[in-house]
Amino acid sequence: PTDSAKETIAFSSSTSLHGVARATSAQSRAQRAFWMMVVVAGVAMAGWQVALRLAAYYAWPTSTSLTLHYVRDLSFPAVTFCNYNRIGSVARNTCIISFEGWTILHDLIPLGLFVANNFTPPITQTYSARNQDLSTTILFVRRLNYAIRNKTLVSWFFRRHTTPQDFQHVFTEYGNCYTFNGGFSEEQRSLKQKTAGAGKGLQVLFDVQQWDYWENPELGFTGVGIRLVVHDPDEPPQVEALGLSIGVGTQAYVSVQHTKSINQQYPWGDCDPSKKLQSPAPYSMARCLQECEADLVERICGCKPFNFPGDIKECSLYQHYHCARDALVHILAQGMCTGGSHLSQCPVPCLHKNFPSSVSYATFPSLQAAQRYERSLNYSLVYMRENLLSIDVAYTDLNYALIQQQKTLPESVLLSDIGGQLGLFVGASVITIIEVLEFVARSAARALNAAASFLSNRAATCTKAALSPPVQG
């Protein structure tokens, strides 16, 4: 036999790949044929199973686990409160602005109040829309809206007495709103609830001052009370979409639960751990969408709406009416800022905190409480039933649900599956694969050397024939 045949026989008799030695060294031809078929069938089955495992892995499957974790205390969420009265009658009677300004307020606070009420207030202060800067714009909107102060926030308590300064102002669809336990620093939101149940969290008593309401019932604005939303301090309050409504004359018990969702990054999920906000705030999809819209408005108009985040120059009332309003409509209509998918401008966060809330009610105040408030606040029972409401926000249990998206086939499981299939059908391991690769490499090198030697000899023969003198006839 040739050197190649000798090396092949030597490899087949010494390799750890099962069945090959019997296929080459069995006594009879029938035995060698049988074992050859066994080896070929084993290799085919192993290849098929490995291909199935690779196809399953590259489908990027995931599973979701839900676990409940009990803790000694829970960080208290942010709670944002908004009055149903977006425009105060006292404030609007001291302010008048141009037509553009009324239209802008209609956009910022989505109500058709001004035209519907045929409002013509006394001219004690004029707001011209054309040349207003940010400070005047904010002053205008804040003056027209409900404000939290000692007369409207009658009492408040969270393991200690707080002040109206503990409620941070924020603009929403409801105009002026106020967030308790907001802010980005740990000092601003360090409150924890250490005991579960009603009365162990935030307790507030509001006077909504219904006599100051100015919204037109013909437009459907017939409610009176407070709308609140419990949310992550890192998230902007989505009052319109997620808020709970609390009517006057009631004591509302808001039961809060805490969930954490961990999402996988692409291709298993849609989160992007490298995604950051322009602001120092932790990433959230809602804030990302706000920044995206603000950036696009800035490209079109050279400014951003004052209630949007970022360090971009804020639009004046004139700029909002003549540019920013239409730009926002165009951005939303064209879907220029999208969220959720890994291909969108704002993918889902890798860690998302949610605070599902439910509310139950009791009549407020009781007769005993009414007598107390009559003495301390000088309020009649009729006034209290028409203007006061009590809200108790607390965790029902000191636990949180962890919803975790996990890889169904991580790399370690894939390698284990492939190793199991190779071991089952052909008895192969990593060392066996290295043996086979080494044999293939040596055989290929020997074939290349043989081809090179053949070509060299052929060239030498041709050269010799060309240089030889012709034979004389």
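The values are calculated or read from the model by the stated rules, or taken from the named source; none is laboratory data. Values in this document were obtained by computation on a predicted structure and should not be read as measured data. Glycine also receives a Cβ, built like all others from the backbone with ideal geometry; neighbour counts cover every protein chain displayed.
Which one of C292, C303 is without any contact (Cβ under 8 Å) to a residue 24 or more places away in the chain, out of contact with any Pro (no Cβ under 9 Å at 6 or more places or on another chain) and over 20 Å from N354 (Cβ atoms)? Give the derivation first.
On the way: C292 fails: without any contact (Cβ under 8 Å) to a residue 24 or more places away in the chain.
Step by step, each of C292, C303 is checked, and only C303 is without any contact (Cβ under 8 Å) to a residue 24 or more places away in the chain, out of contact with any Pro (no Cβ under 9 Å at 6 or more places or on another chain) and over 20 Å from N354 (Cβ atoms).
Looking at L74, L54, L68 in this structure, which one is surrounded by 12 or more Cβ atoms within 10 Å (Cβ to Cβ) and not assigned by TED's automatic domain parsing to the domain that holds I433? Spell out how you get there, then give the answer.
Details: L54 fails: not assigned by TED's automatic domain parsing to the domain that holds I433; L68 fails: surrounded by 12 or more Cβ atoms within 10 Å (Cβ to Cβ).
Every option except L74 fails the conditions.
Tell me which of these S344 doesn't satisfy, since it passes every other one: (1) more than 23 Å from I246 (Cβ to Cβ); (2) of a type outside the set (A, V, I, L, M); (3) assigned to a helix (DSSP H, G or I).
(3)
Would you mention how many residues in segment 381-424 are more than 30 Å from Q265 (Cβ to Cβ) and at pLDDT 90 or above?
Total satisfying the criteria: 18.
Can you tell me which residue among G182, G223 is in a loop (DSSP other than H, G, I, E, B), at pLDDT 80 or above and surrounded by fewer than 17 Cβ atoms within 10 Å (Cβ to Cβ)?
Details: G182 fails: surrounded by fewer than 17 Cβ atoms within 10 Å (Cβ to Cβ).
Only one candidate passes the filter, namely G223.
Do you know which of the residues in segment 36-77 that are in contact with a Ser or Thr (Cβ under 7 Å, 6 or more places away or on another chain) and among the hydroxyl-bearing types (S, T, Y) is farthest from F355 (Cα to Cα)?
Looking only at segment 36-77, we keep the residues that are in contact with a Ser or Thr (Cβ under 7 Å, 6 or more places away or on another chain), and these are 61-63.
So of that shortlist, the ones also among the hydroxyl-bearing types (S, T, Y) come out as 62-63.
Details: T62: 24, S63: 23 Å.
The residue in question is T62.
Of all helices (runs of 4 or more DSSP H) completely enclosed by segment 364-473, which ones contain at least 2 residues that are farther than 30 Å from Q49 by Cβ and under 41 Å from the mean Cα position of the chain (by Cα)?
Details: elements: 367-377, 381-387, 411-426, 430-467.
Helices (runs of 4 or more DSSP H) meeting the threshold: 381-387.
Pick out, from segment 1-80, the helices (runs of 4 or more DSSP H) lying fully within it that include 3 or more residues that are polar (S, T, N, Q) and at pLDDT below 75. Outline the logic, then answer.
Numbers: elements: 3-14, 20-25, 29-57.
Correct list: 3-14.
When residues of segment 348-362 are filtered for being surrounded by 14 or more Cβ atoms within 10 Å (Cβ to Cβ) and either more than 16 Å from C288 (Cβ to Cβ) or free of Cβ contacts under 8 Å to residues at least 60 places away in the same chain (or both), how many remain?
Qualifying residue count for the region: 4.
Criterion first (buried (at least 18 other Cβ atoms within 10 Å of the Cβ), among the aromatic types (F, W, Y) and at pLDDT below 95) does Y373 satisfy it?
Yes; evaluated as a whole, the condition is true for this residue.
Condition first: under 30 Å from G201 (Cα atoms), surrounded by fewer than 13 Cβ atoms within 10 Å (Cβ to Cβ) and touching a helix residue (DSSP H, G or I) at 6+ places or on another chain (Cβ under 9 Å). Can you find one or more residues in segment 327-347 that meet it? Break it down into steps so the answer makes sense when it comes.
Let us first name the residues in segment 327-347 that are under 30 Å from G201 (Cα atoms), namely none.
Checked segment 327-347: no residue is under 30 Å from G201 (Cα atoms), surrounded by fewer than 13 Cβ atoms within 10 Å (Cβ to Cβ) and touching a helix residue (DSSP H, G or I) at 6+ places or on another chain (Cβ under 9 Å).
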